[in-house]
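The values are calculated or read from the model by the stated rules, or taken from the named source; none is laboratory data. Worth saying up front: this structure is predicted, and the values here are computed from it rather than measured. We place every Cβ from the backbone using ideal geometry, glycine too, and count neighbours over all the protein chains shown. Side chains are part of the model used for accessible areas, which takes the heavy atoms of the whole protein and leaves out ligands, DNA and RNA. Shrake-Rupley method; radii C 1.70, N 1.55, O 1.52, S 1.80 Å.
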Amino acid sequence: MTEPVTVTRDGDVAVLTLDNPPVNAMSFHLRAALATALESVRNDDTVAAVVIACAGRTFVSGADITEFNTPKAIASPNLRELIVTLETFAKPTVAAIHGTAFGGGLELAMGCHFRVADARAQFGLPEVKLGLLPGAGGTVRLPRLIGPEKALPAIVSGNPIGAKAALADGLVDAVYEDGLVERAVAFARESAAAGKRLVPVRDREDKLAAARADLSAFDARIAEVLKKSKGLDAPKRCADAVRNALTMPFDEALVTERKYFVELVEGDQSKAQRHLFFAEREANKVPGVGKDDRPRRIAKVGVIGAGTMGGGISMSFVNGGIPVTILEMTKEALDRGMATIEKNYAISVARGSLTEEAKAKRMALFTGTTDYADLADCDLIVEAVFEEMGVKKQVFETLDRIAKTGAILASNTSYLDVNAIANFTSRPSDVLGMHFFSPANVMKLLEIVRGEKTAPDVLATAIAVGRQIAKVPVVVGVCHGFVGNRMLSARSAELEDLLLEGALPEQVDRVFTDFGWPMGPFAMGDLAGLDIGWRNRKSLGRTAAIADALCEAGRYGQKTGKGFYIYEAGARTPKPDAEVTALIEAKSAERGIGRRSVSAEEITERTMYPMVNEGAKILEEGIATRASDIDIVWINGYGFPVGKGGPMFWAELVGLQKIVDRLDYWFGRTGKDIYKPSPLLRTLAASGGSFADARKAAA
Ligand code: NAD
């Protein structure tokens, strides 16, 4: 093991090099070593100034999140104590920053008198992304350095600040292209020689003056910045803390920040967000895929079908810098698809999120064709044609003939059997599902469907390319609807019956939005178009009393201005409609169902609990590797509220035994399979275990 802190001398400047691989997290042993080192140089008369630098690829990248909720996190010396030591140092202290100074790393740097940085360095307080706020003075010091107007969005969003902006805003004092540590030493030496009074960040108040003078304007800014984070406690607390930096004396603001931190770190939301942080990393570990399974090179991608999904999928690859050839059946369909893509980019330009130049660059990466021969040199081909096995068969048989050896052949199918699709080719080991979500250029989730013959390096490639195009990949097994859509079916199974028994769409949707979903299932149906499900049901010989009746009345949802709700011309806000209430009541009467009042609790139990139960079955069958993978699917593909951590994490908060009891109750009343608790769920509930234990048991 390396020494966590080494002290070297460059003349009268002491350089403290922190070394805690891989990212110099502020673990207890590092803090202890830094305190000792600071003590030794503080008392050394031959030291005129101190540089704090880091070994390896980055400056201190944050707190050690594995220490959260453990005694080590607060054991002395804690970060706050170290910062006080630095702030009261009688000799100049200079943080020399390369890589990423995030969270506790930036707070440590703000404890120094000066900060100098490598030109590629990044700065940020991303705690909010873990449901927290900076807990060691970040919210009180950053506004003093860059002004509260800039500190507020930086802390509430947690997004990084580049070196150039950091210099312009006053977060750092100098930026260097190269030779960071030598230059930091020179900077420190000059500061010592100049003999100027050292002003710690805590005592700098000039940048607070404007916001202090007009607090109501600052409050308006807070309201605006918080708009995007409804339902989450941490962004609100971040904003409160920045405001406290204006209204409270430094020490009081610091104590209050700490109080907020403790509240948040012990709360369920932050636990959920930290769970998701680890879950996303875990999802990259796939059984049977090891380090030796090197991803294949993907320099060119083919996409078949330029419809809703093909267009969005193509945009995703192009946005990730990979050229795409799109194949359609006819020139007209191709032109239509390309026009939609162009229109989507034009909207981004109009919104200011893309420049004309960048748009032109992206458009240049697309090639359109109606000839399969043009896909012969593609490294990966993603099929997004109609959801019919016959069409998929024809496409994959053709791909088998024309694709080069080693090309990966992927299907974007939502429900069809990926093993059957793979067997249409002579190379099933090169075939897998790459299931994108609509709109594919926006939604982060990528379900990678592993066929029984899919080669490990093909999976490794799909994961790597998925990450390259900024998706969150999760590997799942073959079954009807895979993880997400299969659980969605279970969540939706009782919706019609809830309406028939006495609930109304707006009441059900309200339970969902109160829970934190962006939209309820009926408003969602109206948005997607009720005719899609109607056509689907007809082809499968199924019916849905209410949804069918709505479609028969020409109520397809938003596109016709009426569905489960009514929409004012040009508006997207769903309004309850008396006609729909009457229609539902008539359907209940037709079936001889006496309508009764349905509670919010019942709605939750009959939608969310079957979804959790289906998740447990998916886990039991090995379709998902771990419960946290299921959470990642729901957070990134279906809008499950982040602060609740995903359906499986949430189920544990509710209590598995409670869920089993209520499933048993509803099974007793309805006899429906969706309520029959999965054996795994029942066992875990009885033993007081968690889904994480299920994984260990299976391993
Ligand atoms: P779509 O109807 O919008 O587009 C399909 C396109 O494929 C059409 O443009 C059509 O002309 C083209 N096409 C059909 N047969 C073809 C062939 N033999 N060769 C070349 N092109 C052909 O459909 P979509 O919504 O984009 O769905 C495509 C696939 O993606 C389906 O398997 C669907 O289940 C799946 N999917 C859809 C969604 C969604 O929300 N729409 C989400 C995930 C997955």
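See the values below:
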item: For the chain: accessible area per residue (Å², 1.4 Å); result: 43 Å²
item: Amide H within-cut-off set for A117, under 5 Å, with H built and near neighbours excluded; result: I97, A174, V175, Y176
item: Nonlocal amide H pairs with T367, under 5 Å, H built at 1.01 Å; result: V324, T325, I326
item: Probe 1.4 Å, all protein chains present, accessible-area order of V472, V181, largest first; result: V181, V472
item: 5 angstrom amide H check on R296, placed H, neighbours 5+ away; result: T461
item: Nearest-0.05 FRET efficiency for R351 and E190, computed from C-beta distance (R0 35 Å); result: 0.15
item: Vicinal HN-Hα couplings computed from phi for region 465-477 (Karplus, 6.51 cos²θ - 1.76 cosθ + 1.60; Hz; Gly/Pro x); result: 6, x, 5, 4, 9, 6, 9, 10, x, 9, 8, 10, x
item: Dipole moment magnitude, nearest 20 debye, the chain about Cα centre, only Lys, Arg, Asp, Glu C-beta charged; result: 280 debye
item: Residue list for region 631-658, given a label point 7 angstrom along the Cα-to-Cβ vector of E387 and an amide N cut-off under 16 Å; result: 638
item: Region 664-674 - phi-based ³J(HN,Hα) in whole Hz, Karplus 6.51/-1.76/1.60, Gly and Pro as x; result: 4, 4, 6, 5, x, 7, 10, x, 7, 4, 4
item: DSSP-defined beta bridges in region 301-482 - what % are antiparallel, rounded to 5; result: 15 percent
item: Contact order normalised by residue count of region 348-414, Cα under 8 Å, 6+ apart, percent; result: 35 percent
item: Rounded FRET efficiency, nearest 0.05, which uses the C-beta distance separating V255 from F68 and R0 of 22 Å; result: 0.60
item: Overall form of the chain per C-alpha gyration tensor (a/c, 1.5; a/b vs b/c); result: prolate
item: Region 600-698 shape via C-alpha gyration tensor axes, a/c threshold 1.5; result: oblate
item: Relative packing of 430-440, 516-526, which averages over residues the other C-beta atoms within 10 Å, highest first; result: 430-440, 516-526
item: Alpha-carbon centroid distance for the pair region 575-653 / region 75-129, whole angstrom; result: 45 Å
item: Theoretical gain in end-to-end length, R197 to E621 [0.36 nm per residue, Cα-Cα removed]; result: 145.9 nm
item: Whole-Hz ³J(HN,Hα) from phi, Karplus 6.51 cos²θ - 1.76 cosθ + 1.60, for region 585-595, glycine and proline x; result: 4, 5, 5, 4, 4, 3, 8, x, 9, x, 6
item: Percent RCO, i.e. relative contact order, over the chain, from Cα pairs under 8 Å lying at least 6 residues apart; result: 9 percent
item: Nearest-10 value in Å² for the accessible area of R221, using the 1.4 Å probe; result: 90 Å²
item: Taking region 600-698 and dividing mean pair separation by its residue count, relative contact order in percent (alpha carbons under 8 Å, at least six apart); result: 31 percent
item: Ellipticity estimate at 222 nm from DSSP helix runs (n ≥ 4, -39,500 (n - 2.57)) divided over the chain, nearest 500; result: -15500 deg cm²/dmol
item: Cα centroid of region 208-268 to Cα centroid of region 486-510, whole Å; result: 39 Å
item: Carbon plus sulfur fraction of accessible area for region 503-590, probe 1.4 Å, in percent; result: 54 percent
item: Antiparallel bridge percentage (DSSP; both residues within the chain; nearest 5); result: 25 percent
item: Virtual spin-label span in nm between A55 and E332, 7 Å along Cα→Cβ; result: 6.9 nm
item: Per-peptide average of other Cβ atoms within 10 Å, ordering 350-358, 364-372 highest first; result: 364-372, 350-358
item: Cβ-Cβ FRET estimate between D206 and A464, R0 fixed at 56 Å, reported to 0.05; result: 0.70
item: Linear extension gain, K444 paired with R9, 0.36 nm per residue minus alpha-carbon span; result: 151.7 nm
item: Region 503-590 shape via C-alpha gyration tensor axes, a/c threshold 1.5; result: rounded
item: Ordering of 663-675, 608-620, 41-53, 559-571 by packing [mean C-beta count within 10 Å, highest first]; result: 608-620, 41-53, 559-571, 663-675
